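Inspection log for the structure reproduced underneath, given as structure tokens.
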Amino acid sequence: MNLQLPDAVQTYFDVSNGGDISRLAACFWAHARVTDENRTHQGIAAIEAWQQEARQAFTYSVEPLAATQNDDSLSVTARLVGNFPGSPLQLNHLFLLHDGQIRSLEIAP
């Protein structure tokens with residue numbers, strides 16, 4: 001499915017699917033926070049390290065399936081497929097956006 005997502009969110013998914021990790025700095029606010037698997041990653045360097053760690057541990061792809069926006073909040077349901085336990089998974093990505101950048105992201109089943 002091809003969804004129309006805000007540029008920052010589309011860039012995030014492009015990077016998650018193997019794109020250049022340095023592009024995260026363009027879509028995340030400098031002090032952004034990502035919460036995934038009960039771990040919080042604060043700031044661009046920590047978010048880049050989190051992406052790098054995930055890539056080293058597993059091969060995967062993520063496909064946004066549906067999106068719902070409410071003011072600065074965007075919820076994206078995505079299918080994650082890869083060589084990790086429990087694959088495939090459907091995860092909810094809750095983005096808080098401000099001035100075209102991701103301020104926070106929470107990923108949960």
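The values are calculated or read from the model by the stated rules, or taken from the named source; none is laboratory data. This structure is a prediction, so every number in the text was calculated from the model and none was measured. Note that we place each Cβ from the backbone using ideal geometry, even for glycine, and neighbour counts take in every protein chain shown.
Here are the numbers for the structure shown:
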read-out: Residue match in the stretch 17-31 (condition: touching a residue at least 40 places away in the same chain (Cβ under 8 Å), buried (at least 18 other Cβ atoms within 10 Å of the Cβ), in a helix (DSSP H, G or I) and within 14 Å of the chain's Cα centre (by Cα)); value: yes
read-out: Some residue of the stretch 13-34 being among the charged types (D, E, K, R) and at pLDDT below 95; value: no
read-out: Lone unmet requirement of (1) assigned to a helix (DSSP H, G or I); (2) surrounded by 12 or more Cβ atoms within 10 Å (Cβ to Cβ); (3) in contact (Cβ under 8 Å) with a residue 24 or more places away in the chain for residue 49; value: (3)
read-out: Residue in the stretch 61-72 that is of a type in the set (Ser, Thr, Tyr) and either part of a helix (DSSP H, G or I) or without any contact (Cβ under 8 Å) to a residue 60 or more places away in the chain (or both) present; value: yes
read-out: In the stretch 95-105, the residues that are closer than 10 Å to residue 74 by Cα and surrounded by fewer than 16 Cβ atoms within 10 Å (Cβ to Cβ); value: none
read-out: Top-ranked residue in the stretch 67-82 [being at pLDDT below 95 and surrounded by fewer than 12 Cβ atoms within 10 Å (Cβ to Cβ); ranked as nearest to residue 12 (Cα to Cα)]; value: 72
read-out: Hits in the stretch 73-95 (condition: farther than 21 Å from residue 21 by Cβ and in contact (Cβ under 8 Å) with a residue 24 or more places away in the chain); value: 73, 74, 87, 90
read-out: Any hit, the stretch 5-14, residues being surrounded by 13 or more Cβ atoms within 10 Å (Cβ to Cβ), out of contact with any Lys or Arg (no Cβ under 8 Å at 6 or more places or on another chain) and not in a helix (DSSP H, G or I); value: yes
